Amino acid sequence: MALTKSLTYALRRLSQAVPTVLVIIALNFLLLQLAPGDAADVLAGEAGSATPEFMAQLRSTFGLDQPIALQLLLYMKQIVTFDLGYSFRHGMPVADLIVARLWPTLLLMITVLALSVGMGVLLGSFAARKLNRWQDNLISMLTVLAYATPVFWAGLMLIVLFSIKLGWFPTSGMQQVAAFHEGAAKVRDIAHHLVLPAVTLTMFYLALYTRLMRASVLEQFSMDYVVTARDLPLGEPLGARRHVLRNAVLPVLTMAGVQVGALLGGSVVVETVFAWPGLGLLAYESLFARDLNLLLGIFFVSTCLVIVVNLLVDVGYSLLDPRIDLR
Amino acid sequence: MKSGVLRFIRHKPAVCGLVLLLAVLLASALAGVVYPGDPFRIVGKPFQPPLGEYLLGTDMLGRDLAAGVLYGARTTLLVGVVATVIATAVGVTIGGLAGYFGGRLDNLLMRFTELFQTIPFFLFAILLVAVLGASIGSVIFAISVVSWPPMARLVRGEFMTMRNREFVQACVSMGMGHTRIILHHILPNTLSSIIVTGSLMVATAILIESGLSFLGLSDANTMSWGYIIGAGRTVLRTAWWICAAPGVAILLTVMAINLVGDGLNDALNPRLRSL
């Protein structure tokens, strides 16, 4: 019963996402129009030289001589069929490139989300229990510091300390080059390379979720049901503690869902610093190669990823908190 | 007002933040006096470590790092403040209209705001600067475009509650125009929340700016902290201090602004102190 309700809710949310995706496509199209030169110029540039007749022929094959509204429709049709264009720099379709680079980014993101939400919930509730004692003050100070540190700089300083000075972790990449590890050795190798990028990104989000969790637990402490439970002759029963945690976690989860887009953006700088071969590094490379089509493709896929994650969070939220009305 | 100042002063971290922030402002104001001339100028041997001939040493081209950091403060603060002012203006307008008029306009404007909140904002900023060309104007534009949504949401909420308060109802029944009610009666009452959120937005804007210039998306003619770190990254193994110094500058500035913002929040919105 609850499941079918959630399912229809998910389907309706999915249909609501359709206009968002269409607007994003239109935005991409607008950015393409704003960029200097058109596809024919790019092609001609790649080819080295071109006659005016050849350029005109190229424009008509791409439909660039059509009215702008028609061009937009053509572009939308193209994107909806997941044809994101062709990257001449890499010599392969943009969609294939993105799919190949998707999983390193997902691995990094899931690790960071799990670490920052998990540890943030623990640290935040610990700080709230030790309110205004030295433990709370220490955690507050560390979160203020971590919250102000630029992510890329933190990554570079970790490289200086743990890779260059101490030699504990590799400086870049996802796997040891030319080692060709298989099975468990490969997993261990990737995990070893994952440590520094994951720690770098986690620090910032850990600070955010710790602050949020602390505030959220303190808010729950002032609620009637906790105040009553504390006045019971047995003191604070374990049951109340569980309810506090469960209720206090909800805003943190919402925030984690909202922050997925920011996390994807943050992965651009972290992947650049650590040469982690994901979407972020691909975005950086496309920036240097002036491969706008690829950059737009990454932007589109990332936005779709955010929409999907937000949807999952909303549906998960409705399962966690039965009070939410699935209208 | 007086009690607000008192509350701010009693908030120790906020006072530390304010002192730090004033130091950064002073440094950026005095950049031209302490280091006259172009910060891109080559002054001596490259790769000199800090605390030698030059306070923070020199970079891989022999440019004085201390001069770079001081001039970088100018760029960073300028971009942070101007982008925030623009984003605040846009956010207040959209949020105010949505919250005051409600109904279909509210629905439309909030869908628009949600759209901007769905987009991965840093990627969008990268795209905008890449398309418009790396100049200080396009960086400011890109940061403003990605940072107004939280302000719009906040102002919408404030306007919605104000709209139903008795004093606004009284204005309506007196036949006062919408513009006058909004500008003279509702806006002044929401100003404290706008100031607090705006001050925190400057910190975020600075982080975005440094990230963009780290990736090479900054005006080639202005020194900025992210640019120094991005350029120094290639020689991290041999000269780590080139990256270290501007990063500390970013950290201290952003932390100072955050602390001042928190202090302002306590001073201006005493009702919210419970958290």
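For the range A:162-183, indicate whether the set of residues that are in a helix (DSSP H, G or I), modelled with pLDDT of 85 or more and closer than 25 Å to A:Val260 by Cβ is non-empty. No, the range A:162-183 contains no residue that is in a helix (DSSP H, G or I), modelled with pLDDT of 85 or more and closer than 25 Å to A:Val260 by Cβ. Scanning the range B:218-248 for residues that are over 17 Å from B:Leu56 (Cβ atoms) and surrounded by fewer than 24 Cβ atoms within 10 Å (Cβ to Cβ) yields B:Asp219, B:Ala220, B:Asn221, B:Thr222, B:Thr234, B:Arg237.
Filtering the range A:131-145 to residues that are more than 10 Å from every other protein chain (Cβ to nearest Cβ) and either surrounded by fewer than 15 Cβ atoms within 10 Å (Cβ to Cβ) or within 26 Å of the chain's Cα centre (by Cα) (or both) leaves A:Leu131, A:Asn132, A:Arg133, A:Trp134, A:Gln135, A:Asn137, A:Leu138, A:Ile139, A:Leu142, A:Thr143. Considering the range A:267-305, and only residues there that are touching a strand residue (DSSP E or B) at 6+ places or on another chain (Cβ under 9 Å) and part of a helix (DSSP H, G or I), the residue that is surrounded by the fewest Cβ atoms within 10 Å (Cβ to Cβ) turns out to be A:Asn293.
The residues of the range B:107-131 that are aliphatic (A, V, I, L, M), surrounded by fewer than 22 Cβ atoms within 10 Å (Cβ to Cβ) and more than 7 Å from chain A (Cβ to nearest Cβ), listed by number, are B:Leu108, B:Leu109, B:Met110, B:Leu128. In the set (1) over 17 Å from the mean Cα position of the chain (by Cα); (2) within 8 Å of chain A (Cβ to nearest Cβ); (3) touching a residue at least 12 places away in the same chain (Cβ under 8 Å), the condition left unmet by B:Thr222 is number (2). Go through the residues of the range B:53-61 one by one and say whether even a single one is free of Cβ contacts under 8 Å to residues at least 24 places away in the same chain and of a type in the set (A, V, I, L, M, F, W, C). Checked against the condition, which is being free of Cβ contacts under 8 Å to residues at least 24 places away in the same chain and of a type in the set (A, V, I, L, M, F, W, C), the range B:53-61 yields at least one hit.
Looking at the range A:267-291, which of its residues are of a type outside the set (Phe, Trp, Tyr), under 17 Å from the mean Cα position of the chain (by Cα) and within 8 Å of chain B (Cβ to nearest Cβ)? Within the range A:267-291, A:Val268, A:Val269, A:Thr272, A:Val273, A:Ala283 meet the criteria. Restricting attention to the range A:79-102, the residues being under 24 Å from A:Pro197 (Cβ atoms), out of contact with any Leu (no Cβ under 6 Å at 6 or more places or on another chain) and in contact (Cβ under 8 Å) with a residue 24 or more places away in the chain number 3. Among the residues making up the range B:120-135, those that are closer than 18 Å to A:Gln33 by Cβ and free of Cβ contacts under 8 Å to residues at least 24 places away in the same chain are B:Phe124, B:Leu127, B:Leu128, B:Val131, B:Leu132, B:Gly133. Listed by first and then second residue, the pairs with beta-carbon distance under 8 Å, at least 6 apart or on different chains, first residue in the range A:147-169 and at the interface with chain B (Cβ under 7 Å from one of its Cβ atoms) and on the phi < 0 side of the Ramachandran plot, second part of a loop (DSSP other than H, G, I, E, B) and of a type in the set (A, V, I, L, M), are A:Leu156/B:Leu236; A:Ile159/B:Leu236; A:Val160/B:Leu236; A:Ile164/B:Leu236. For the range B:155-201, a residue qualifies if it is free of Cβ contacts under 8 Å to residues at least 12 places away in the same chain and either among the hydrophobic types (A, V, I, L, M, F, W, C) or surrounded by 15 or more Cβ atoms within 10 Å (Cβ to Cβ) (or both), and the qualifying residues are B:Ala170, B:Val172, B:Met174, B:Met176, B:Leu183, B:Leu191. Please verify whether A:Val313 is more than 7 Å from chain B (Cβ to nearest Cβ) and β-branched (Val, Ile, Thr), treating the condition exactly as stated. Against the criterion (more than 7 Å from chain B (Cβ to nearest Cβ) and β-branched (Val, Ile, Thr)), A:Val313 qualifies. Would you check if A:Leu264 is part of a helix (DSSP H, G or I), within 7 Å of chain B (Cβ to nearest Cβ), more than 16 Å from the chain's Cα centre (by Cα) and among the hydrophobic types (A, V, I, L, M, F, W, C)? In short, no.
Scanning the range B:1-33 for residues that are outside any helix (DSSP H, G or I) and either in contact with a His (Cβ under 7 Å, 6 or more places away or on another chain) or touching a residue at least 60 places away in the same chain (Cβ under 8 Å) (or both) gives a single hit, B:His11.
If you check B:Thr76 against the conditions, is it touching a residue at least 60 places away in the same chain (Cβ under 8 Å) and either acidic (Asp, Glu) or in contact with a Gly (Cβ under 6 Å, 6 or more places away or on another chain) (or both)? Spelling it out, it is not the case that B:Thr76 is touching a residue at least 60 places away in the same chain (Cβ under 8 Å) and either acidic (Asp, Glu) or in contact with a Gly (Cβ under 6 Å, 6 or more places away or on another chain) (or both).
Filtering the range A:73-101 to residues that are surrounded by 16 or more Cβ atoms within 10 Å (Cβ to Cβ) and either at positive phi or assigned to a helix (DSSP H, G or I) (or both) leaves A:Tyr75, A:Met76, A:Ile79, A:Gly85, A:Val94, A:Ala95, A:Leu97, A:Ile98, A:Arg101.
Tell me, please, whether a residue that is away from chain A (no Cβ under 14 Å) and in a helix (DSSP H, G or I) can be found in the range B:250-265. Taking every residue of the range B:250-265 in turn, at least one turns out to be away from chain A (no Cβ under 14 Å) and in a helix (DSSP H, G or I). Within the range A:216-231, one or more residues are within 11 Å of chain B (Cβ to nearest Cβ), at pLDDT 80 or above and buried (at least 23 other Cβ atoms within 10 Å of the Cβ).
As for the range A:115-123, it holds at least one residue that is assigned to a helix (DSSP H, G or I), over 20 Å from the mean Cα position of the chain (by Cα) and either crowded, with 18+ Cβ neighbours inside 10 Å or not acidic (Asp, Glu) (or both).
Could you check A:Pro197 against (1) within 9 Å of chain B (Cβ to nearest Cβ); (2) surrounded by 20 or more Cβ atoms within 10 Å (Cβ to Cβ) and say which number it fails? Checking A:Pro197 against (1) within 9 Å of chain B (Cβ to nearest Cβ); (2) surrounded by 20 or more Cβ atoms within 10 Å (Cβ to Cβ), the one that fails is (1).
The values are calculated or read from the model by the stated rules, or taken from the named source; none is laboratory data. Everything quoted here is computed from the prediction, not taken from an experiment. When we count neighbours, we look across all protein chains shown, and the Cβ atoms used for this are built from the backbone with ideal geometry, even at glycine.
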